[in-house]
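A.B. asks: Questions regarding the structure given below will be posed in turn.
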Amino acid sequence: MSARTLAGQAWRIFTNLGGALLIVLVLPAVYSLLLLSGATGWWMRKRLAPNGPATIENTDADKVFRPPASIVIPNWNGRDLLEKYLPSVIAACDFSRGDELIVVDNASADGSSEVVVRRFPQVRLVQLAENLGFGGGSNAGIRAATNSFVVLLNSDMRVEPDFLAPLLSPFSDPAVFAVTAQILFSDPAKRREESGLTYARWRHGEVELGHDLRADVPMLYPCFYPGGGSSAFDREKFLSIGGFAHLYRPFYLEDTDLGWEAWKRGWKVLYAPESVVYHEHRGTIGKRFQTGYINTVVEKNRILFHWKHVLHPGALATYCISLVYHCCAAVFDGRHQTKPSGRAAIWALLQFPEVLLQRWSSARMAVLTDGDSLKLHRPDVYHDRFRHPRQSRSPLNVLFLSPYPIYPPHHGGAALMSQTLHHLAKLCNVHLVVMLEEESECAAHIAESSRFASIHLLVRPPAQPSTRLGLLPKAVREFALPELRQLLERLIFERSIDVLQLEYTNMAQYAKPYSSVLTALFEHDIYFQSVARRVRKSNFFRDPVPALEYLRALHFELKAVNGIDYIQVCTATNASVLEGYSPQLAFRTDPTLRAGIEIGSYPYATSGRDQDTILFVGNFRHIPNQEGLRWLLDSVMPDVMQRRPATRLRVVGPNAHLLGLPLPHSPWLDVLGAVDDVRPHLAHCAAFVCPVLTGSGVRVKLLEAFAAGIPVVATSIGAEGLVSADCPVCAIADSAPTFADAVVGVLQKPEGAAKMAKAARELVEEEWDAEKNTHRLVARYHELLEMKAVRRADVDARDAGIPGRPQA
């Protein structure tokens with residue numbers, strides 16, 4: 001290793017160590033001053049625009065809004081780039097319309113100005129006496145522009161001839177601050193590193209910035225910040241913010257800062273995929289400066305960016321602690337571009353008085369908090385805030401999310417979902433999202449796709465080994481997929497969703513506190529109640545996991561349902577369980593509108609049944625079905641067989657291999673596994689058994705049995721929510737001897753059993769008809785959406801200083 005390299009490493013360690021020690025010493029003062037600056041600015045803030053932007057419609061619907069534009073290109077020693085790329089920009093301009101092209105020369109020494117004057121007479125040249133950097137040069141050009149809308153381009157940009165129209169047309173909406181183009185590389189073989197569809201998210205104690213490289217979106221899209229060298233700006237709004245902040249000199253993050261400033265003021269930043277430009281990445285900066293210097297500038301500016309914009313005390317404290325950690329870590333390892341070093345921290349501290357003033361000014365002019373504005377560019381949040389009022393007579397757009405396969409309906413939940421969807425798709429535009437376990441399950445769902453406005457299938461990756469610690473229940477962690485969250489966010493925006501219908505507790509993690517979009521959750525069972533019943537049957541000292549899962553489930557489920565607009569449960573019993581833990585849920589819980597079956601599709605058979613044949617139906621992926629069948633085989637059937645030797649037990653349902661221990665080989669037991677249609681078995685068997693000992697919700701198989709007229713014997717938990725003292729629709733027994741007595745009684749007294757079955761059929765016809773319940777469900781959607789619209793209007797009126805309407 002050379003002496004120069006050793007000296008360089010020693011200098012790096014020395015400066016990083018000094019910076020780390022300095023930031024540790026001054027951190028309390030830095031944090032306190034930042035809090036004070038932000039708090040006083042927010043307290044003195046004034047509103048520049050209402051929260052809900054007005055939209056100006058084009059006067060001529062056949063014409064695209066295309067105002068004249070001023071194109072500004074800052075340049076520093078980029079003579080070769082101007083010669084190469086200016087012709088494409090000139091060709092895209094319509095000077096007869098009033099377009100103008102401005103090159104701002106940042107005191108170049110390579111003859112750039114002379115080339116512009118000599119070769120490009122159409123171009124207006126603004127010469128600066130000194131190099132003001134990218135931000136300063138851009139500000140000078142925009143101030144010199146004469147049009148209301150300014151397009152800012154890097155000197156290393158080649159543009160498509162028609163790139164201006166889609167970049168300028170969104171400004172028909174007066175709330176639009178900037179529109180950014182889609183960025184491609186001149187060399188298609190080069191790995192794409194930017195797209196123009198930018199994002200920001202709070203992650204690991206800091207704001208993570210980036211480009212969504214899957215930028216193949218079909219429409220105008222919200223993004224976090226406009227690319228400084230590939231975007232159009234509303235000139236008046238740009239100058240009111242102050243343009244690119246000199247804080248970030250000499251380069252990088254000026255455009256990111258500008259984007260957050262715009263969102264804080266309630267303005268929009270949009271991505272126009274139809275406007276295409278080609279970029280030679282770091283065509284100028286990368287050639288003029290060393291990589292180490294560029295990285296240190298980026299690190300310094302990221303520190304200043306957080307110090308300026310993060311106002312929330314907790315988030316700011318988290319970032320400051322993260323800053324200390326990374327500065328200390330930089331002493332011992334090589335640096336990479338996105339994490340701060342001690343050298344960057346020293347540089348940032350030198351600009352601390354400047355960032356305090358800008359932080360105060362930013363907070364004073366903000367309409368939205370830092371947290372709200374950071375999320376507003378997410379497509380679903382943007383749709384929720386800026387969506388146009390829907391026409392009351394138009395069909396609702398419903399996004400329906402299932403964590404399990406629906407077709408074919410091999411389990412009770414699938415039966416409820418498929419039969420609701422059959423009617424819901426006739427009343428609404430349903431966009432179906434289903435998580436599958438295997439690729440082979442796609443075909444059955446694709447066969448049903450004609451019912452829906454769109455269908456989206458995700459094959460869930462194999463479950464990964466995970467720790468048993470943490471607050472999230474196992475059933476929730478298994479379905480926590482970033483790609484699913486991104487898909488839902490995009491569909492809510494792209495499909496203009498009115499209702500997000502979530503199925504099962506584990507999908508509650510995808511709900512957000514929307515102000516316009518209705519979130520609904522169908523609790524197929526009360527998960528923490530189901531787990532609690534398993535805990536009672538387990539030995540805590542031998543296996544504490546069920547108890548731990550119960551505590552996590554209770555914590556998650558009660559917190560999740562309190563953030564959802566409309567909670568659907570199977571029975572009044574389930575509703576009372578939730579309301580017992582959280583009484584305020586009584587106004588948002590409905591036990592009557594989701595659980596239902598197609599009554600007419602189950603022929604009511606009163607004769608022709610196989611004598612002494614018992615039917616058990618269940619998907620054995622569901623643990624209560626496994627436990628129930630084991631108990632039936634081990635504790636009930638020996639007694640039944642001793643008293644009625646001719647009895648036969650028929651077991652129908654998929655995943656019997658999950659039962660674990662081998663089933664007894666006996667002539668009285670017939671395990672059929674999965675069948676295409678359970679209705680022939682319901683029509684031919686003499687009795688139906690539901691020996692469920694744990695779980696929650698309604699047993700769909702009981703509803704099907706009731707509809708088919710087959711006499712039923714069930715446990716109290718199995719028939720929970722369906723049976724009352726004044727409505728004896730099935731026999732109830734909870735111990736093995738009494739359950740065996742009930743089965744034998746049904747087989748020995750068919751007349752009494754038939755009378756009971758008739759009462760059961762009348763019950764499902766009255767209360768559990770899928771078609772009738774789905775019509776009532778959609779009516780409830782409309783009612784709740786109207787209530788949300790009224791609340792939203794009152795909030796917007798209050799925020800705009802307009803008195804709200806009187807409350808009833």
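A.B. asks: For Ser402, indicate whether it is polar (S, T, N, Q) and open to solvent by 30 Å² or more (accessible area, probe 1.4 Å).
C.D. replies: Values: polar (S, T, N, Q): yes; open to solvent by 30 Å² or more (accessible area, probe 1.4 Å): no.
Answer is no for this residue.
A.B. asks: What are the pairs, 6+ residues apart or on separate chains, where a residue within region 568-589 that is among the polar types (S, T, N, Q) has its Cβ under 8 Å from a residue that is assigned to a helix (DSSP H, G or I) and open to solvent by 10 Å² or more (accessible area, probe 1.4 Å)?
C.D. replies: Pairs found: Asn574/Gln529; Ser582/Leu558; Thr589/Glu579.
A.B. asks: In addition: Give region 541-592 a look and list any residue that's of a type in the set (Val, Ile, Thr), part of a helix (DSSP H, G or I) and touching a helix residue (DSSP H, G or I) at 6+ places or on another chain (Cβ under 7 Å), or say none.
C.D. replies: Of everything in region 541-592, those that are of a type in the set (Val, Ile, Thr), part of a helix (DSSP H, G or I) and touching a helix residue (DSSP H, G or I) at 6+ places or on another chain (Cβ under 7 Å) turn out to be Val561, Val577.
A.B. asks: Same structure again: I'd like to verify a number: residues in region 75-106 that are hydrophobic (A, V, I, L, M, F, W, C), open to solvent by less than 50 Å² (accessible area, probe 1.4 Å) and in a loop (DSSP other than H, G, I, E, B), how many?
C.D. replies: Counting residues in region 75-106 that are hydrophobic (A, V, I, L, M, F, W, C), open to solvent by less than 50 Å² (accessible area, probe 1.4 Å) and in a loop (DSSP other than H, G, I, E, B) gives 1.
A.B. asks: Can you confirm whether Val652 is modelled with pLDDT of 85 or more, under 26 Å from Lys758 (Cα atoms) and of a type in the set (Val, Ile, Thr)?
C.D. replies: Against the criterion (modelled with pLDDT of 85 or more, under 26 Å from Lys758 (Cα atoms) and of a type in the set (Val, Ile, Thr)), Val652 qualifies.
Conditions tested, residue by residue: (1) modelled with pLDDT of 85 or more; (2) touching a Phe, Trp or Tyr at 6+ places or on another chain (Cβ under 7 Å); (3) open to solvent by less than 10 Å² (accessible area, probe 1.4 Å); (4) within 24 Å of Leu521 (Cα to Cα).
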| position | (1), (2), (3), (4) |
| --- | --- |
| Gly596 | no, yes, yes, yes |
| Gln611 | yes, no, no, no |
| Gln642 | yes, no, no, no |
| His657 | no, no, no, no |
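A.B. asks: Please specify each residue of region 765-780 satisfying the condition of being open to solvent by 30 Å² or more (accessible area, probe 1.4 Å) and over 32 Å from the mean Cα position of the chain (by Cα).
C.D. replies: Within region 765-780, Glu765, Glu766, Glu767, Asp769 qualify.
A.B. asks: Being more than 27 Å from the chain's Cα centre (by Cα) and open to solvent by 50 Å² or more (accessible area, probe 1.4 Å) is the filter here, so list the residues in region 545-572 that pass it.
C.D. replies: Narrowing region 545-572 to residues more than 27 Å from the chain's Cα centre (by Cα): 545-548, 571-572.
Leu548, Ala572 - these are the residues of region 545-572 that are more than 27 Å from the chain's Cα centre (by Cα) and open to solvent by 50 Å² or more (accessible area, probe 1.4 Å).
A.B. asks: I'm trying to understand the selection: among the residues of region 188-242, which are farther than 24 Å from Pro166 by Cα, charged (D, E, K, R) and surrounded by fewer than 19 Cβ atoms within 10 Å (Cβ to Cβ)?
C.D. replies: Lys190, Arg191, Arg201, Arg203, Glu208
A.B. asks: Please work out which residue is modelled with the highest pLDDT, limiting yourself to region 330-364 and to residues that are surrounded by fewer than 16 Cβ atoms within 10 Å (Cβ to Cβ) and among the hydrophobic types (A, V, I, L, M, F, W, C).
C.D. replies: Leu357
A.B. asks: Any idea how many residues of region 698-740 are assigned to a helix (DSSP H, G or I) and closer than 24 Å to His681 by Cβ?
C.D. replies: Of the residues in region 698-740, 11 are assigned to a helix (DSSP H, G or I) and closer than 24 Å to His681 by Cβ.
A.B. asks: Sticking with this one: Exactly one condition in (1) touching a residue at least 40 places away in the same chain (Cβ under 8 Å); (2) open to solvent by 10 Å² or more (accessible area, probe 1.4 Å) is not met by Leu258; state its number.
C.D. replies: The one condition Leu258 does not meet is (2).
A.B. asks: So which of Val103, Val89, Val126, Val115 ends up being in contact with a Ser or Thr (Cβ under 9 Å, 6 or more places away or on another chain) and of a type in the set (Val, Ile, Thr)?
C.D. replies: Values: Val89 fails: in contact with a Ser or Thr (Cβ under 9 Å, 6 or more places away or on another chain); Val126 fails: in contact with a Ser or Thr (Cβ under 9 Å, 6 or more places away or on another chain); Val115 fails: in contact with a Ser or Thr (Cβ under 9 Å, 6 or more places away or on another chain).
It is Val103.
A.B. asks: If you don't mind, there's one more thing I want to ask. Considering only region 508-528, I want to know if a residue exists there that is without any contact (Cβ under 8 Å) to a residue 40 or more places away in the chain, farther than 30 Å from Ser394 by Cβ, surrounded by 22 or more Cβ atoms within 10 Å (Cβ to Cβ) and touching a helix residue (DSSP H, G or I) at 6+ places or on another chain (Cβ under 8 Å).
C.D. replies: Yes, that holds for at least one residue.
Yes/no per residue for (1) out of contact with any Gly (no Cβ under 8 Å at 6 or more places or on another chain); (2) at pLDDT below 95:
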| position | (1), (2) |
| --- | --- |
| Ser186 | yes, yes |
| Glu194 | no, yes |
| Val217 | yes, yes |
| Cys223 | no, no |
| Ser230 | no, yes |
| Phe251 | no, yes |
| Glu254 | no, yes |
| Asp257 | yes, no |
| Val269 | no, no |
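The values are calculated or read from the model by the stated rules, or taken from the named source; none is laboratory data. All values derive from a computational prediction rather than experimental measurement. Don't worry about glycine lacking a Cβ; one is built from the backbone with ideal geometry, like all the others, and counts go over all protein chains shown. Heads up: the accessible areas ignore ligands, DNA and RNA and are worked out on the full protein's heavy atoms, side chains in. Shrake-Rupley method; radii C 1.70, N 1.55, O 1.52, S 1.80 Å.
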